[in-house]
Structures are given as C-alpha cells and as structure tokens.
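See structure below.
Read-outs: derived from the displayed coordinates by stated rules, not from any lab. None of the values given here were measured: they were computed from a predicted structure. Quick reminder, even Gly has a Cβ in these numbers, built from the backbone with ideal geometry, and neighbours come from all protein chains shown.
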Amino acid sequence: MESIGKYRVISELGKGATATVYLCHDPDTDRQVAVKLIQFGLDSTAMSRRMRKLFQNEGMVSQRMDHPNIVRVFDAVVEENRAYLAMEYIKGFSLEDCIRIDKLLPMHRVIGIIFKCCMALDSAYRQGIIHRDIKPANIMVTEDDEPKIADFGLALNLSKNMDRDSTFIMGVGSPAYMSPEQIKGYQLNQKTDLYSLGVVLFQLLTGRLPFRAANQATLIYRIINTDAPKITALNPNLPEGLDPIIRKSLEKDLYSRYKNGAEFAKDLSTVRYQILDEDDTELDKRHFEILRKLEFFTEFENIELWEVLRVAVWRDVAPKVAIICEGENNRMFGLIVTGYAEVSTDGKALCRLGPGEVVGEVAFLHPTSDQRHASVVTLEPVLFLEINASALSLSSEELMERMRDGLMARLIKRMREVNKIAAAQGLPAVEPGTGSLSGSTRSRPAGGLDLELSPM
C-alpha cells in the first residue's frame, strides 16, 4: 500500500483484530502521523455497521480532545468500504509492554504516569466524554515518559441523550478492566474510567490483575462481589500508603470511590514524594542473577524468578539472630542466600544449613500447620530471602506448582539424609528370611522413619 488518502505510507506500526496502524507522511504539514485504517465488509452486516459507528465516534470525540496526555486526532475520513484516522505519532511504547512481572517499570515512574492519566481523564470528563475502555494497551508513553491516552472509539458522549445516542453500547470495554457498574450495564460517569485506571495501576505495580479467573463468568462474579488483594501482600517492597489508594479506586460502591481524577492524583502525589527517584531496576537485576545461581531455582523459568522477587524481601541478618523461633505461629519461609544457620529443637542442635537451603517450608506446604517446632539461628552474617506464604498463594499457578515441586524435592532429600544418620546410630536390622515382597506395588522400606525433617 503506497498511500491512504493523502497520506503516504512509510511502514506498518501494528495490526489488531479490526484495524491496522501505519506510519505515514502528511504532505500538508510535512510531519509524520499515525494512520489507523479499518476495512469494512462489502455487505451491510451488523458488525460492519457497528464498526462504522464506533469509528465515527472515535473521530468525532478525539478531535474535540485537547490535552497534552491525550493522543491528538488531526483527520477522520469515512468512505464506503473503509475509514481512517490520522493521529499524533507517538514514538515510545504502550503500557501493555510493562505489565509482565519481569518488565515492570520503577515505582516512581508508574505513579507519575498514572497521575497524568488522572488529570487527562478529568479534562475529558469536563468536555462530556467518558473513555469506557481504559487499559494498558490504550495508554502510550513517549520517550519523555509522557502518557498519551488513545482509542476513544468506545467513548460515551455525555452531552447527548443516552437513550438516543448511537454510540452508547451496553457492555463495551475489556472485561478485566471494567467496573462493576459497567458490567451490570448501569448508567456510567467518570468514576468508571477511574476504576479502570485503578486496575491498570494495580497491574503495573504487581505484574498481575486484581481479579483473575479461568473463565469470564467467574471473572465477572469476582469483579462484582470480591475484594482485590492488598498490593503490599503481592509486593512487600511497595509503600503501605498505596494500599488505601488502590482500595478506594476499586471500590464497588460509587459513592466510596474517587469522585474525580484530581482527587485520585492528589493521593498519588502524597505517596510519590515518599519514594526516592532512584531506579531500582539495577538492584532487581542483581538480585535476579543471585537467585539464578542458587541450586533451588535451577528449574524455575525466568518469569517465575521475577515473580519470586516481587513477593520476597531481602534481609541482612546479624549473627545469633533467630530467623524462626520454636513455638511461634506464622507462615513465613525462605532461603539462606549467603552464610550459615543452625537448626535446633528443645535446646539441641540438629544440623547446619548453608547457601541455597530452605527453612520453614512446611508453612507453605501445610498451611494448617503453622506452629514452629524448631528454631533457626544464624551462626554468622546471613543474607536471607524471606517469602510470605500468604503473598505467594496469590501468585501465578505456574509459580505455585514450581515452588511446591522444589520444596518437596528438598524435603525428600533431607528425609533420606536423616534416615542415613538414624540408621548409622541405630540397632542392627532384622535379617530377612526367604520371603520377599519384591515386585509388589505396596512395598515399604524397612527401617523408614516418620520424622519431622525440616524447621517449621
């Protein structure tokens, strides 16, 4: 394709289910623009009619928007078999590139981006516009870290009578980011966009959505009826001040939610100035490389290691400090990264554990048994990777399975070692007679011990 209308095509930027975006040259202004092209069907099907109306709506609404954090639309053309928009070309990336656990942006950048999005949505609302499809893919970020909200195709024009407004389509939007009232088909206002922006903020900070499910029906039920987990449970390194902000943005009750973007932005700014501008990315990379070298994490995928980093806390522990105390109740466990610690029970030393060894894993493997039956005390300075079992339980199923497999393998290894020690100190074994259960599927090794082998 050489041109779209007056716009000369330079290259293809991206292709979606309904539209293709091209980098083009505008001869009238001598500048580069992004042109979104939609091809309609030759017949007058309901889908074609719907796409045409959505496109007309995007062109009409977007050309009204005048805000530095909203993508500008210069031209909108609807033809018989196609339509296209000429828009501001954003040289940068979409937030969809930053929602994986191993691709998260530094915290201060996330808060700064969402802050500006709050103000942009306020501006749109003052012009009578609700976006209705706020999600990471619809927020671009320039090379200067300026967010640009795009894709107003599903926008609702509040200045019109909604009963007669052809652009008002019930149930539009992306389900994972939709507010409870949007799912129910209720009348909408600005607060529905702020809810969706809260979901985006949650995902950018944790690498996961606040509500997840195997199917859409269950997802919708959870959005309407359940509360999102605390983000500090998913990532203990986040400041606690973010929890009430996320909770207020995701309130089911409209009257309890942020009333406007300015109020949302004000709370974000309070937390923003509590955060150092230092980029934590390099520290995360160093921690990642440390974990990658530990034997315990050999079978973990990179994405799973990054997820571990999000739910873990690195602790520098002085000598003769109890990491775990006999008799206490909690569900924490972790790994000794460097240094050595001693395991004891009833004041008697059991063993020493060094780099790569796990302690307290029963808290994760058997959540109903959270009382500790042994103590773990450092013998020298120890770098300890502390993992909260409750936070881990909210992680991906892949990580949960990988962690269980790793902990069970380590537990079995310890069982064999303890049995060897016990056998060396035990009485001579009974000599077998002529009989044998060889080949039986229910055989049991003689002398097997039912021992608690790891600190709990």
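A simple spin-label model places the labels of N330 and F288 2.9 nm from each other, with each point 7 Å out along Cα-to-Cβ. Packing order of peptides 414-426, 337-349, highest average first: 337-349, 414-426 (average count of other Cβ atoms within 10 Å over each peptide's residues).
Computing FRET efficiency as 1/(1 + (r/R0)^6) for K266 and A349, where r is the C-beta to C-beta distance and R0 is 60 Å, gives about 0.60. Using a cut-off of 29 Å between Cα atoms, the listed pairs K135/K184; K103/K248; K36/K135; K6/K135; K293/K413 include K6/K135 as exceeding that distance.
For the range 91-278, what relative contact order do you get, as a whole percent, if you take Cα pairs closer than 8 Å and at least 6 residues apart?
Working: 275 pairs, mean separation 49.2, N = 188.
With pairs under 8 Å counted, the relative contact order is 26 percent.
Gain in length, D227 to W314, computed as 0.36 nm per residue apart minus the alpha-carbon separation, to one decimal in nm? Walk me through the numbers on the way to the answer.
Working: separation 87, 0.36 × 87 = 31.32 nm, distance 2.85 nm.
Here the answer is 28.5 nm.
Across the range 91-278, counting alpha-carbon atoms alone, Rg and Dmax equal 15.8, 52 Å. The simple Förster model, with R0 at 56 Å and r as the Cβ-Cβ distance, assigns Q127 and E380 a FRET efficiency of 0.30.
Less than 11 Å Cβ to Cβ from F384, Lys/Arg counted +1 and Asp/Glu -1: what total charge do the surrounding residues give? Please report the intermediate quantities before stating the final value.
Values: positive: R315; negative: D316, E357, E386.
My count for the surroundings of F384 gives -2.
May I ask you to order 327-335, 1-9 by the average number of other C-beta atoms within 10 Å around their residues, highest value first? It would help to have the intermediate numbers written out before the result.
Working: 327-335: 17.2, 1-9: 13.7.
So the order, starting with the most tightly packed, is 327-335, 1-9.
As a calculated quantity, the FRET efficiency between N189 and H373 at R0 = 56 Å, using C-beta atoms, amounts to about 0.50.
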